[in-house]
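Trainee: Structure below; questions to follow.
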Amino acid sequence: MILEERPDDQGAGEDRARQKDEGSIRKGYDSLVQNPPGQLQSHRARLHQQISKELRMRTGAENLYRATSNSWVRETVALELSYVNSNLQLLKEELAELSSSIDVDQPEGCETPGGACTPLWRGHPGDGSLGTGLQAPSMGSGSRAHSSGSSESVTIPMIPLGLKETTELDWATPLKELISEHFGEDGSSYETEIQELEDLRQATRTPSRDEVGLDLLAAYYSQLCFLDARFFSPSRSPGLLFHWYDSLTGVPAQQRALAFEKGSVLFNIGALHTQIGARQDCACTEGATHATEAFQRAAGAFRLLRENFSHAPSPDMSAASLSMLEQLMVAQAQECIFKGLLLSASATPDNGPAQLQLAQEAAQVAAEYGLVHRAMAQPPVRDYLPTSWTNLARVKAEHFCALAHYHTAMALCESSSAKGELSRQEHTSQPSTTCEPQGPTLPQHPEERRKLAKAHLKRAILGQEEALRLHTLCRVLRQVDLLQVVVTQALRRSLAKYSELEREDDFFEAVEAPDIQPKTQQAPEVKMPSLSQMKVTDFFHRLGPLSVFSTKNRWQLVGPVRMTRGEGGFGFTLRGDSPVLIAAVVPGGQAESAGLKEGDYITSVNGHPCKWWKHVEVVAQLRGTGDEGVSLEVVSLLPGPEPRSTGPRRSALLWGQRECGLETPVPARARPWPILGWSRKTKQNKPRSHPDPCTNRNCVTCP
């Protein structure tokens, strides 16, 4: 997103183009009534409001219980508290059954050289959508799968994250007051700009699950960067209260810092990437590639938020939660990479080296989900995370570990052409016990290879059975038919292959199969979200360049000042652009007599606003004046910021921008602007660096 400070005089044609582009962006949201994702988000908003109401009732009851000494009142309040806590538990369970879930109408199709890929499932609101965000429609009679019938044609559902919900925000009243008081302009004349800002924020509450929805969120985030630089400073700010609901628990949180608004929007950018990735059809190569890219960008958004936002008021934006979400997205990206390799290897099923690579890739996926499961099981994440997420991570860890042993067994069962390759890849396996420091030498004799393949298949069977057992223990996972289908098909394949290797003269127990060493040829890359795909113009650019016209600076309006040309011209020297600066005043000249001073900025010439004018444009206007003279309006910057308010100390929950970890970016004259200037530190009372003076000495003394 290129933040562009646009001058006022670029023409009506560009204005129409900008309005058309921004209008197309705002179309990238789902209606709260007509679209299933919008209906689900509306349902989540109602749950958030009910949870907030119950929390207020519980707070009031607890205060009454502590304040009263009447035993009858205390018993009544205790009974009421039990009812309120019960209602809260039911509401949180209902939210957990939605848990950030955006219901799937169907995975996105993808074109392959042989034709279009058939979607793996078709979902409908309330039909097979896992309450914890798992997109898993039923694989019953109404579902469709690929005709091959193998487990490679269906995939385990992913975990998308739901968007944070917010309440409506009144920008108009505080911004109009600030524009009138600080900027000295009529705040009511900016109603159009304020309405555009409110419409954009409203549209971001239900963005569409595609690139247009991501552009919508990025556009609003960029506008927040402009607002932060212009209207928010330690000395003065609009005093808005930003209200957001936790994505995982539904508990409301409030802050007056704009950093909280920016962090919540960035969280939703990452969440929307997870939804886009989860709805891809990973049964084709293109779908797996798109899903990998989406999960990598989601991981980047959560990392960016974790590194730049501290002391979060809601659990979903805490450092522990964001670290867990980043690990989860990396694991899901690794799983999509494995699915893409599996599709490529299916073209040559009798390739031993390819099976060995798949075994190590599957072991890598299992290792990633093992890390995710440990992160989910650690406090405080486990206290508010849906248990079905934790169970699914463990199911996937067992499932992919079993797949690693299955593909190793398939490699051992291949023809003798893979024999040399097996001997060169002894590091593929490592012993399951620590008594043997080095990995075993893979057998070369066919009978020994068969026995070792049986041992790996036995571990694959035990792993798939454990995955099915864990699946049945979770009530939410039991509703996901597709999950059971995938694990069951993998178990049947392992059992069938084990039966092929079984012989009547096998009187001895099979050897112990070693663990498979995790290894990947394509590690997921954590990618920062793409925020630079389109230009965004500051809604309030009419107020002037941010380098001068912001709440970080104080100035005094002077004028209009009437001046006539003297013998030496107007008696001042100009330099710089947007706005033009009075660099020097000739002693005893016309400018000094009119009260102009060095360092003043010219804001109007003969009634025409010139905050965005170039140096040559102001000079041309001055030269064109006749004997009647010229009327100027200027602003004089005051030496220091306004004193801090001596009012009551703010609550601990209302941290400032620096305390939240997101520091206000310093306005830069260079364009394009950087999107994230959080690490920059503002410096008060720092003299403004002026551009080089104009070398044309005749430009200020119009003859």
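Trainee: Report the extension gain between Leu501 and Asn85 in nm, rounded to one decimal, defined as 0.36 nm multiplied by the number of residues separating them, less their alpha carbon distance.
Mentor: Net length gain for the segment: 144.0 nm.
Trainee: Still on this model: Rounded to the nearest 10 Å², what accessible area does Glu177 have for a 1.4 Å probe in the complete protein model?
Mentor: 100 Å²
Trainee: Put a dot 7 Å past each Cα toward the Cβ at Ser180 and Leu241; how far apart are the dots in nm?
Mentor: Computed distance between label sites Leu241 and Ser180 equals 2.2 nm.
Trainee: Stretched out fully, how many nm does the piece from Glu525 to Lys614 gain, at 0.36 nm a residue minus the Cα gap?
Mentor: Between Glu525 and Lys614, full extension yields an extra 27.6 nm.
Trainee: Next question. Rolling a 1.4 angstrom probe over the protein chains, ignoring ligands and nucleic acids, what is the accessible area of Val526 in square angstrom, nearest 10?
Mentor: Its accessible surface works out to 40 Å², give or take rounding.
Trainee: Now a separate question. Going by accessible area, probe 1.4 Å, with all protein chains left in place, what is the ranking of Leu574, Leu90, largest first?
Mentor: In descending accessible area the options line up as Leu90, Leu574.
Trainee: For an R0 of 35 angstrom, estimate the FRET efficiency from the Cβ-Cβ distance between Glu168 and Asn63 and round to the nearest 0.05.
Mentor: It comes to 0.80.
Trainee: Still on this structure, I have one more. Quickly rank 295-306, 377-388, 252-263 as a protection proxy: mean count of other C-beta atoms within 10 Å, highest first.
Mentor: 295-306, 252-263, 377-388
Trainee: What distance in nm separates the simple spin-label points at Asp210 and Ser310, each placed 7 Å from Cα in the Cβ direction?
Mentor: Inter-label distance under the simple model: 4.2 nm.
Trainee: Over segment 568-640, with every protein chain in place, what whole percent of the accessible area is carbon and sulfur at 1.4 Å, could you tell me?
Mentor: Reported share for carbon and sulfur atoms: 50 percent.
Trainee: Please compute the length gained on full extension between Gln556 and Ser631, using 0.36 nm multiplied by the number of residues separating them and subtracting their Cα-Cα distance.
Mentor: Going from the current span to full extension adds 25.3 nm.
Trainee: Accessible area per residue for segment 544-618 in Å², computed with a 1.4 Å probe and the full protein assembly in place, what is it?
Mentor: Value for segment 544-618: 41 Å² per residue.
Trainee: Between Leu574 and residues 5 or more places away or on another chain, which pairs have amide H atoms under 5 Å apart, with H built 1.01 Å from N, and which residues are they?
Mentor: Counting only residues 5 or more places away or on other chains, the set is Ala583.
Trainee: Right, here's the next one. From the cross-link list Lys454/Lys497; Lys458/Lys497; Lys552/Lys597, which pairs have alpha carbons spaced over 18 Å apart?
Mentor: Result: Lys552/Lys597 exceed 18 Å.
Trainee: If you don't mind, another one. Simple spin-label model, 7 Å along Cα-to-Cβ: Ala78 to Thr564 in nm?
Mentor: Inter-label distance under the simple model: 9.3 nm.
The values are calculated or read from the model by the stated rules, or taken from the named source; none is laboratory data. This structure is a prediction, so every number in the text was calculated from the model and none was measured. A quick note on method: Cβ atoms are made from the backbone with ideal geometry, for glycine too, and the neighbour counts reach across all protein chains shown. All accessible areas refer to the heavy atoms of the entire protein, side chains included, with ligands and DNA or RNA removed. Shrake-Rupley method; radii C 1.70, N 1.55, O 1.52, S 1.80 Å.
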